[in-house]
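The values are calculated or read from the model by the stated rules, or taken from the named source; none is laboratory data. Keep in mind that what you see is a predicted model, and the values were worked out from it rather than measured. Neighbour counts run over all protein chains shown; Cβ positions are idealised from the backbone, glycine included. Keep in mind that these areas ignore ligands, DNA and RNA; they rest on the heavy atoms of the full protein, side chains included. Shrake-Rupley method; radii C 1.70, N 1.55, O 1.52, S 1.80 Å.
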Amino acid sequence: MKLFANWSYPTAIRFGAGRISEIAEACAVAGISKPLLVTDKGLAGLPITRTTLDLMDAAGLGSAVFSDVDPNPHEGNAEAGIAAFKAGRHDGVIAFGGGSGLDLGKLVAFMAGQTRPIWDFEDVDDWWTRADADAIAPIVAVPTTAGTGSEVGRASVITNSQTQEKKIIFHPKFLPSVVISDPELTIGMPPAITAGTGMDAFAHCLEAYCSPHYHPMSQGIALQGMRLVKENLPRAFADGGDLEARAHMMSAAAMGATAFQKGLGAIHALSHPIGAVHHTHHGTTNAVVMVPVLTFNRAVVESKIEDAANYLGIRAGFNGFVAFVSDLNAMLGIPGNLTELGVKEPDVPQLVAAALRDPSCGGNPVEMNVENTTTLLEQCI
């Protein structure tokens, strides 16, 4: 396959099929000699994880693994991971997996040397400066899904199990030193996970593109990321072994997470509390609320969406773009609303209040308030 390259934006990325074979070299570049591989429970026993651990062991790096990571990781997972890191006297983390494994792995590397609690580093004002930057362990990130883009992000999303809220923990040194993006690692993804993670990548690109903040570099990346998803997600969903489509989707995922430096919006502001309380899959939740949010923002984003539709080869402007998203969701088997997704008897005021506290709502093109957000959420339900 010709899709093989080394990139340096926003960090060092080794992209291409088979590049997991370079895991030991990537650790050496990052300055890691005794890594802890952090992944989720579902991945821990799969062949791709075993192969990676064998490569580490053969290179003299050991084969230590921590996999007590839930789909929506919380502070309990973090505390257990930090304990494992310290007990093994590790000097770095290989964050391996989808969003949960990547986010928790980065958080372990960040928190292992800190003395303050996790919540002191929430993405609020300049709270990140509270951290001891010299105590942050290096990170090598290995994504095994194509959606979250956490491998190129400066934050982790962690659920506060006491308040049932997803919190964004931020520090510039969350950005991994080296990323290995190997599409062969995504071949075994089930169709439903391919769909949900792929729509997560699309949501990142779409919200970044629509954000009112000024960041023309992110604007261009977001637009091209949407094109890659449009052209390749149906292929990857229909044929899980289509390596070229899988590779393009990995690119789109990294592009979405790079682009949302420009901002996110109501899709994520709703999805975060819904996932925290009802334990829904994040990317699938994004897909479910996407069309209502587009309609919610229409008065402000219509001309932008028309431009995007022209670029993507979608006819009929804004309406055509909305129809494209609806048809794509249907083709991927995405539930039609939150009730179908499994959200039963939601506490609407609680979810609305949490959405308005979420940092993502600040990037929404239409200002969110209690009244309009309640109406929006009810439409999603």
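When a/c is below 1.5 the answer is rounded, else prolate if a/b is larger than b/c, else oblate, so apply that to region 80-155 with a ≥ b ≥ c taken from the square roots of the Cα gyration tensor eigenvalues. Could the numbers behind the result be given before it?
Values: a/c = 2.05, a/b = 1.19, b/c = 1.72.
In terms of gyration-tensor shape, oblate.
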Checklist entry - Taking Cα atoms of the chain, Rg/Rh with Kirkwood Rh, to two decimals? => result 0.95
Next on the checklist: How much of the DSSP bridge set in the chain is antiparallel, in percent, rounded to the nearest 5?
Outcome noted: 35
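Just in region 267-330: which trypsin sites (Lys or Arg not before Pro) are loop by DSSP and have at most 16 other Cβ atoms within 10 Å?
Listed in order of number, the matching sites are Arg315.
Taking a ≥ b ≥ c as the square roots of the Cα gyration tensor eigenvalues, with a/c under 1.5 meaning rounded and otherwise prolate when a/b beats b/c, else oblate, which class fits region 319-381?
Working: a/c = 2.44, a/b = 1.36, b/c = 1.79.
Note, shape of region 319-381 comes out oblate.
Taking 19 Å as the cut-off for C-alpha to C-alpha distance, list the pairs among Lys34/Lys86; Lys166/Lys230; Lys86/Lys166; Lys41/Lys173; Lys230/Lys262; Lys106/Lys167 that go past it.
Working: Lys34/Lys86 12 Å; Lys166/Lys230 29 Å; Lys86/Lys166 26 Å; Lys41/Lys173 26 Å; Lys230/Lys262 21 Å; Lys106/Lys167 14 Å.
Going by Cα-Cα distance, Lys166/Lys230; Lys86/Lys166; Lys41/Lys173; Lys230/Lys262 fall outside the 19 Å limit.
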Item to check | Förster-model FRET efficiency, 41 Å R0, Asp54 and Gln162, C-beta, rounded to 0.05 | outcome: 0.55
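By the gyration tensor of its Cα atoms, with a ≥ b ≥ c the square roots of the eigenvalues, what is the shape of region 111-193: rounded for a/c under 1.5, prolate for a/b over b/c, or oblate? Show your work: numbers first, answer last.
Numbers: a/c = 2.77, a/b = 1.56, b/c = 1.78.
Oblate, since a/c reaches 1.5 and b/c is not below a/b.
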Next on the checklist: Quick check: the distance between the Cα centres of region 199-238 and region 294-353, to the nearest angstrom?
Outcome noted: 14
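What does the charge add up to near Leu243, with Lys and Arg as +1, Asp and Glu as -1, over the other residues with Cβ less than 12 Å from its Cβ?
Working: positive: Lys2, Arg235, Arg246; negative: Asp182, Glu184, Asp239, Asp242, Glu244.
Counting the neighbours of Leu243, the net charge comes to -2.
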Item to check | Computed helical MRE - 222 nm, the chain, DSSP H runs ≥ 4 contributing -39500 (n - 2.57), nearest 500 | outcome: -16000 deg cm²/dmol
Checklist entry - Counting Lys +1, Arg +1, Asp -1, Glu -1, what net charge surrounds Lys34 among other residues with beta carbon under 14 Å of its beta carbon? => result 0
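Counting only heavy atoms of protein chains, what accessible area per residue, in Å², does the chain have with a probe of 1.4 Å? Write down the numbers at each step before the final one.
Details: 14650 Å² over 381 residues.
Ligands and nucleic acids excluded, the result is 38 Å² per residue.
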Item to check | Accessible surface of the chain, 1.4 Å probe, proportion on carbon and sulfur as whole % | outcome: 54
